[in-house]
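For reference, the structure discussed in these notes is given below.
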Amino acid sequence: MVLSCPASLGNVRCSRWHNPDTEDRLDLPHIEPGPDTPLYPCCTQRSVTITLTDDERK
């Protein structure tokens, strides 16, 4: 499964993802992760590939 960061796609603005196309778009929701929120791989790359186990697919 390939997951894409919504901020990288331009659907939201996020303080962790710099997207010049959306930084001035005040009509988009703005996401401000809390200080305890871990830095997820998708915060540093456009998409991430995740492999699910058979149990996770159910």
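The values are calculated or read from the model by the stated rules, or taken from the named source; none is laboratory data. Remember, it's a predicted structure, so these values are computed and weren't measured experimentally. Every residue, glycine among them, receives a Cβ derived from its backbone with ideal geometry; neighbour counts consider all protein chains shown. These area figures cover heavy atoms from the full protein model, side chains too; ligands, DNA and RNA do not enter into them. Shrake-Rupley method; radii C 1.70, N 1.55, O 1.52, S 1.80 Å.
Please determine, by comparing only the residues of segment 3-35 that are charged (D, E, K, R) and within 30 Å of Leu52 (Cα to Cα), which one is most open to solvent (accessible area, probe 1.4 Å).
Going through the qualifying residues, I end up with Glu32.
Of a type outside the set (Ser, Thr, Tyr), modelled with pLDDT of 90 or more and over 20 Å from Met1 (Cα atoms), is that true of Glu32?
Against the criterion (of a type outside the set (Ser, Thr, Tyr), modelled with pLDDT of 90 or more and over 20 Å from Met1 (Cα atoms)), Glu32 qualifies.
Would you call Leu52 part of a loop (DSSP other than H, G, I, E, B), at pLDDT 90 or above and surrounded by fewer than 14 Cβ atoms within 10 Å (Cβ to Cβ)?
When the stated conditions are applied, Leu52 passes them.
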